[in-house]
Each structure stands twice: as C-alpha cells, then as structure tokens.
Amino acid sequence: MSFRNLDLNLLRVFDEVMAERNFSRAAHNLAMTQPAVSNAIQRLRDTLSDTLFVRITTGVKPTPLAERIWPVVREALTSLQANLIPDAYEPLQARDNFRLAMADATAAILIPALVPLLQKEAPNVTLRILPLLTRDPRQLLDQDSMDIALGYFPTTVAVLNQNEQQSFSHQRMYDGEYVVVMRKDHPLAKEELTLDAFCSATHLLVSFSGRPFGFVDEGLAAVGRKRRILLTVNQFFTAGRVVTESDLLTVLPRHFVPATGFANQVAVRPIPLNLEPVHVEMLWHNRHKRSPAQVWLRQLITRASERVLAELSL
C-alpha cells in the first residue's frame with residue numbers, strides 16, 4: 001500500500017466505527033447513511049488489505065490491525081482538529097457520544113449533578129456510563145475503550161505524580177471517606193467498633209477485579225492484622241443490600257449510603273484503622289488533552305464535581 005493512495009476521509013469513518021463498534025450508530029453520529037459507512041469501510045479494507053471489522057451479534061469486532069492503528073488515527077484526528085479549528089466545540093450543536101467509566105458509588109453522587117448541566121448546555125450529547133472494573137484504567141484509556149475514568153486510583157495517581165512524562169493526566173474531583181456498614185441490629189452495632197472486633201468479623205469486599213484483597217487489607221497488613229473475606233462483589237450497592245440481610249460487614253463510601261435507599265436499615269461505623277485519605281480523581285489520556293470536545297467534557301465534569309463538593313460540605 002502506498003500512503004498517497006489512502007483517502008484520509010475514510011479515517012474519520014473508521015474512527016467512529018471503532019468508537020461505536022456498530023455501523024448504524026456510527027452512521028447516525030456522522031450524519032451518513034449506513035450503506036455509505038459500509039462503503040467507506042470497504043474502501044479502507046481494500047487499501048489496507050485487512051477486513052478491519054468482523055460482524056458479531058451486537059455490531060462489529062475490530063481485527064488486531066484495527067486495534068493497533070486506532071490510537072494513532074484518533075490522536076492524529078484530534079491533533080488536526082485542535083490545531084486547525086481551535087476552540088471550535090459548540091455544545092448546543094454537538095451530537096457526540098462520550099464514555100465515562102466509574103463505580104456505582106461515584107455515579108450515584110456525580111451523575112445527578114452532571115445531568116442537569118448536560119441537558120441545558122448540550123441537549124444532543126449522549127453519555128454512556130461504563131462499569132469501572134479496575135483500579136488502574138490506563139490500559140483501557142490507551143485503547144480508547146473509555147474517554148474518561150473517574151474514581152479512587154491511589155497507586156496509579158502516585159505513579160503519575162512521580163513521572164512527568166506519563167501519557168495520562170489526572171485531576172482531583174473531591175475527597176471521600178470509607179466507613180464500615182452493617183445491618184442495623186448487628187451485634188457489633190451496639191457499641192464502638194474496635195480493631196479486634198473488626199478483624200474477627202466476617203466481611204464482604206467490593207472488588208472490581210474479584211481479587212479478595214483491597215486497600216483496607218493493605219492497611220491491616222501494615223499493622224500485622226488480617227480479616228476473613230467471605231464474599232466479593234463488584235458493586236457497592238450490591239454489597240449494601242447483602243449486609244442488610246446478613247451478619248457480614250462491608251466498607252462503603254460514606255456519602256454513598258444515603259443514596260442507596262436503605263440507609264435506615266444499616267449502622268455506620270468508622271473504620272478502626274488509620275488509612276490514607278480517599279481522593280476521587282478524573283483520569284484521561286493525553287492524546288485527548290487538547291481535543292475541544294474533551295476539554296469541554298472535563299470542564300463540565302469539574303463543574304458537576306464542584307456541586308457535589310458543595311453538597312458534601314453541608
């Protein structure tokens with residue numbers, strides 16, 4: 001293949017199909033017909049001598065070549081837009097789809113503050129909230145599986161702060177606090193929760209990866225203690241529901257408890273352990289650092305988080 005034979009207009013179509021993994025949605029976003037999108041992808045297939053996409057029940061799945069070239073294509077398109085048409089993003093006319101990854105506890109606090117701003121300023125923009133399945137989302141951001149990750153990423157942020165040449169950036173949204181949650185009539189709810197009682201109890205751990213070891217366990221290990229984890233789940237809401245019907249203890253963000261709908265069924269106690277402060281961070285890839293659309297999105301999220309911070313301070 002000769003680069004001079006490549007129609008660069010096809011790369012915008014390729015980028016949208018990669019983002020959506022669906023020809024129909026890509027066509028809608030590009031204001032094109034589906035046959036036109038299919039024709040563009042076929043021309044790119046012919047040029048690159050690769051099928052690029054394989055049809056599956058939910059849309060299309062990219063080939064290894066498509067996965068490999070997409071970050072380069074997206075970064076080039078973003079750079080061109082940022083340099084040729086700086087500050088050109090117009091939210092009222094925009095029809096973008098953004099993917100935000102966060103845990104249900106973060107979503108329960110942030111999204112109610114974000115939606116009114118979105119509906120007022122960008123009524124045709126769509127947000128897709130994806131489950132956060134890791135405490136280190138850098139690989140998923142690098143693959144453009146998500147636009148922005150929001151959550152508690154202590155190890156990742158520490159690495160980024162030590163190396164200015166990282167490919168990612170982060171911004172603190174607000175500070176939180178984790179607490180021990182148990183059913184209201186749990187035997188341990190009758191008195192102050194001691195470290196001995198905490199370690200002797202049976203626990204439910206919210207683990208995005210399924211690994212039965214979290215930041216609380218790291219803190220316990222630092223003082224030569226450990227706990228018995230009977231069950232792991234990947235949602236804070238599920239953990240809260242389970243403890244209302246069992247003798248298990250779990251650890252949840254304090255400000256998430258009132259949003260669950262079952263706050264009157266549980267008792268909340270401080271974790272009897274000195275732990276590092278919890279910082280909720282926004283994390284993104286630097287290839288989108290100057291993208292007008294993503295600059296606007298990050299500013300919108302920041303404003304929503306400021307509302308959250310004001311409410312948490314009440």
* Structure fact -> Expressed in Å to one decimal, the Kirkwood Rh of the chain from all distinct alpha-carbon pairs is 21.9 Å
* Taking a quarter of the surface of the Cα convex hull of region 1-150, what do you get in nm²? -> 10.3 nm²
* To do: May I ask for the net charge around Pro253, where only other residues with Cβ less than 12 Å from the Cβ of Pro253 are counted and Lys, Arg are +1 while Asp, Glu are -1?
  => -2
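Using +1 on the beta carbon of Lys and Arg, -1 on that of Asp and Glu, and nothing else charged, what's the dipole of the chain about the Cα centre, debye to 20?
Its charge dipole is roughly 500 debye.
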* Per q in 0.14, 0.19, 0.22, 0.26 1/Å, what log10 I(q)/I(0) does a Debye calculation on the alpha-carbon atoms of region 157-225 return? -> -0.68, -0.99, -1.14, -1.28
* Extension reserve of the Leu133-Ile56 stretch, reckoned as 0.36 nm per residue once the Cα distance is removed -> 25.4 nm
* Asked: Sorted by mean Cβ packing within 10 Å, highest first, what order do the peptides 52-62, 102-112 take?
  -> 102-112, 52-62
* Asked: Of the listed peptides 296-302, 133-139, what is their order by residue-averaged count of other C-beta atoms within 10 Å, with the highest listed first?
  -> 296-302, 133-139
* Structure fact -> From DSSP H assignment alone, runs of 4+ in the chain each adding -39500 (n - 2.57), the sum over residues rounded to the nearest 500 puts [θ] at 222 nm at -13000 deg cm²/dmol
* **Rounded percent of accessible protein surface that carbon and sulfur make up, region 129-235, 1.4 Å probe** => 47 percent
* To do: Sort 236-244, 89-97 for me by packing, meaning the mean count of neighbouring Cβ atoms within 10 Å per residue, highest on top.
  => 236-244, 89-97
* **Karplus-derived 3J(HN,Hα), 6.51/-1.76/1.60, for each residue of region 283-294, Hz, glycine and proline x** => 10, 8, 7, 5, 5, 9, 4, 9, 4, x, 5, 6
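The values are calculated or read from the model by the stated rules, or taken from the named source; none is laboratory data. All figures in this text were calculated on a predicted structure; none of them were measured in a lab. Please note: Cβ atoms are built from the backbone with ideal geometry, for glycine as well, and neighbour counts cover all protein chains shown. When the accessible area is computed, the model is the full protein with side chains, heavy atoms only, and any ligands, DNA or RNA have been set aside. Shrake-Rupley method; radii C 1.70, N 1.55, O 1.52, S 1.80 Å.
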